[in-house]
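Colleague: Starting off with a structure, shown below.
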Amino acid sequence: MPRVYFKPVKSHSGVEVVNGASREVLTKLIEEENISLEKFIPLKVHMGEKGNRTYIKPENFNSIIDYMEEKKINSSFIETNVLYRGQRMTREAHVKTGKEHGFTRIPIVIADGENGEDFKNVIINKKHFKKCKIAKKIADVNQLIVLSHFKGHILAGFGGAVKQLAMGCAARGGKLDQHANSKPIIIPFMCRTCGVCRTHCPVDAITIKKWAKIDKDICIGCSSCQAVCPHNAITSNWFQTFSMSFNERLAEYALAAAKDKNNIYVSFALDITAGCDCEGHPMIPINGDIGIFASTDPIAIDKACLDKLRPDVKLLFWRGIRTLTYGEKIGLGSKNYDLVNL
Ligand code: SF4
Ligand code: SF4
């Protein structure tokens, strides 16, 4: 059974406490599990959409970078271009946003090139995908330290290590593959025709007359409009949502991203918001801070984070359990784990 190392952190503890906890879980994991470390290990991060305030700030990763320097391991922050309109859609804009958000201590590498065109097809031969488009500079390395912010996600239920692998390591075309079956719908009587959704749609699928309308043939199901609508007038298409397809697609992409890698997962269950760090607006956390987790198993670490949530928040994140259940079925990891309290 995989082990998950856990150090609790109280809300508002500050950056020194977080660094102490992350260093402790990381070193304990490496020592206890006898993990061999490569000479170059990128840190998979999410640098936060412009306007978001609850992504994990880079100063919280200092003790992990210190550890790598002590071990003479070269590193970089590594990320991929996003699907939706925003400040992280191209390599240039993404690096600029990362630097503005303080990701300056080590280089930033955008793993799928200038516009998402650099990827490798990783063969998995599963139900939804035979092969997955994984960002080239991620596919090329043997080991990643996957640093995840555990929080909610409008489509996935929650985002943690598995989602960091699935969406976070996919080239733009791979993100599109995963979203292909999740097109939202407009609730006409709630729409105030403000046009915010149209501004954020990356493929111009929205027109606005008496109310906003989505052209289903153009929509790529990225869910950006749903995240930004200030009047909650856009909702998931629950028929498609209940098909479980999106969660299964995520799990298959995560399997591809982790294939043949000796990864380490460190998850920060702090500033736990209902929405994800791709949402370019401030959000208020809905659960107190929990702490830092480390494991070699992406499913076990997500399940351990989930199990520490307040029951009402856990209920809100329930859809994500489908990703873990299917991920376990296809060999990504285990929902059963031993928690090692530090
Ligand atoms: S953002 Fe929401 S309220 Fe504004 S036009 Fe779009 S659906 Fe309507
Ligand atoms: S209409 Fe479709 S493509 Fe456009 S923002 Fe909404 S989900 Fe994305």
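The values are calculated or read from the model by the stated rules, or taken from the named source; none is laboratory data. Because the structure is a prediction, the values reported are computed rather than measured. Glycine also receives a Cβ, built like all others from the backbone with ideal geometry; neighbour counts cover every protein chain displayed.
Colleague: Could you give me the residue pairs with C-beta distances under 6 Å whose first residue belongs to the range 179-196 and is closer than 18 Å to Cys219 by Cα, whose second residue is modelled with pLDDT of 95 or more and within 11 Å of ligand 2 (Cβ to nearest atom) wherever it lies, and which are 6+ apart or on separate chains?
Modeller: Going by the 6 Å Cβ cut-off, the qualifying pairs are Ile186/Ala212.
Colleague: Continuing with the same structure: Within the range 202-212, is there a residue that is modelled with pLDDT of 85 or more, of a type outside the set (Asp, Glu), in the same structural domain as Trp318 (by TED's automatic domain parsing) and surrounded by fewer than 16 Cβ atoms within 10 Å (Cβ to Cβ)?
Modeller: If we filter the range 202-212 for residues that are modelled with pLDDT of 85 or more, which is where we start, we get 203-212.
The next check asks that each one be of a type outside the set (Asp, Glu); those that pass are 203, 205-212.
Still in the list and also in the same structural domain as Trp318 (by TED's automatic domain parsing): none.
No: zero hits.
Colleague: With respect to Ile110, is the statement that it is away from ligand 1 (no atom under 16 Å from the Cβ), closer than 21 Å to Gly173 by Cα and at pLDDT 95 or above true?
Modeller: Yes.
Colleague: Further question on the same structure: Return a yes/no flag: does the range 77-88 have any residue that is charged (D, E, K, R), part of a helix (DSSP H, G or I) and either surrounded by fewer than 22 Cβ atoms within 10 Å (Cβ to Cβ) or in contact with a Cys (Cβ under 8 Å, 6 or more places away or on another chain) (or both).
Modeller: Going residue by residue through the range 77-88, those that are charged (D, E, K, R) are 79, 85, 88.
Remaining after also requiring part of a helix (DSSP H, G or I): none.
Taking every residue of the range 77-88 in turn, none turns out to be charged (D, E, K, R), part of a helix (DSSP H, G or I) and either surrounded by fewer than 22 Cβ atoms within 10 Å (Cβ to Cβ) or in contact with a Cys (Cβ under 8 Å, 6 or more places away or on another chain) (or both).
Colleague: If a residue counts only when it is in contact (Cβ under 8 Å) with a residue 40 or more places away in the chain, crowded, with 24+ Cβ neighbours inside 10 Å and in contact with an Asp or Glu (Cβ under 9 Å, 6 or more places away or on another chain), which strands (runs of 3 or more DSSP E) contained entirely in the range 103-165 have at least 3 such residues?
Modeller: Correct list: 131-135.
Colleague: (1) outside any helix (DSSP H, G or I); (2) without any contact (Cβ under 8 Å) to a residue 12 or more places away in the chain: which one isn't true of Val17, the others all being true?
Modeller: If we test Val17 against (1) outside any helix (DSSP H, G or I); (2) without any contact (Cβ under 8 Å) to a residue 12 or more places away in the chain, just (1) comes out false.
Colleague: All but one of (1) buried (at least 21 other Cβ atoms within 10 Å of the Cβ); (2) assigned to a loop (DSSP other than H, G, I, E, B) hold for Asp289; state the number of the condition that does not hold.
Modeller: Among (1) buried (at least 21 other Cβ atoms within 10 Å of the Cβ); (2) assigned to a loop (DSSP other than H, G, I, E, B), the lone unmet condition for Asp289 is (1).
Colleague: If you don't mind, another one. Six or more apart or on different chains, Cβ under 6 Å: which pairs go from a residue in the range 273-286 that's under 16 Å from His200 (Cα atoms) to one that's among the aliphatic types (A, V, I, L, M)? Could you list them?
Modeller: Sorted first by the residue in the range 273-286, then by its partner, the pairs are Glu279/Ala227.
Colleague: What tally of residues in the range 201-221 results from selecting those that are more than 6 Å from ligand 2 (Cβ to nearest atom) and outside any loop (DSSP other than H, G, I, E, B)?
Modeller: 4
Colleague: Is the range 168-185 home to any residue that is surrounded by 22 or more Cβ atoms within 10 Å (Cβ to Cβ), of a type outside the set (A, V, I, L, M) and at pLDDT 95 or above?
Modeller: yes
Colleague: Of Gly195, Gly157, which residue is in contact with a Gly (Cβ under 8 Å, 6 or more places away or on another chain) and either at pLDDT below 95 or within 16 Å of ligand 1 (Cβ to nearest atom) (or both)? Give the derivation first.
Modeller: Values: Gly195 fails: in contact with a Gly (Cβ under 8 Å, 6 or more places away or on another chain).
The unique qualifying residue is Gly157.
Colleague: Glu252 passes all but one of (1) within 23 Å of Leu309 (Cα to Cα); (2) at pLDDT 90 or above; which number fails?
Modeller: The failed condition is (1).
Colleague: Looking only at residues in the range 1-46 that are touching a Ser or Thr at 6+ places or on another chain (Cβ under 6 Å) and closer than 20 Å to Ile272 by Cα, which one is surrounded by the fewest Cβ atoms within 10 Å (Cβ to Cβ)?
Modeller: The residue in question is Asn19.
Colleague: I'd like to verify a number: residues in the range 91-102 that are surrounded by fewer than 21 Cβ atoms within 10 Å (Cβ to Cβ) and touching a strand residue (DSSP E or B) at 6+ places or on another chain (Cβ under 6 Å), how many?
Modeller: Of the residues in the range 91-102, 1 are surrounded by fewer than 21 Cβ atoms within 10 Å (Cβ to Cβ) and touching a strand residue (DSSP E or B) at 6+ places or on another chain (Cβ under 6 Å).
Colleague: While we're looking at this one, here's another question. Assuming Val340 fulfils every condition listed in (1) part of a loop (DSSP other than H, G, I, E, B); (2) surrounded by fewer than 23 Cβ atoms within 10 Å (Cβ to Cβ) apart from one, which condition is it?
Modeller: The failed condition is (1).
Colleague: Go through (1) touching a helix residue (DSSP H, G or I) at 6+ places or on another chain (Cβ under 8 Å); (2) under 20 Å from His149 (Cα atoms); (3) modelled with pLDDT under 95 and name the single condition Gly51 misses.
Modeller: Checking Gly51 against (1) touching a helix residue (DSSP H, G or I) at 6+ places or on another chain (Cβ under 8 Å); (2) under 20 Å from His149 (Cα atoms); (3) modelled with pLDDT under 95, the one that fails is (1).
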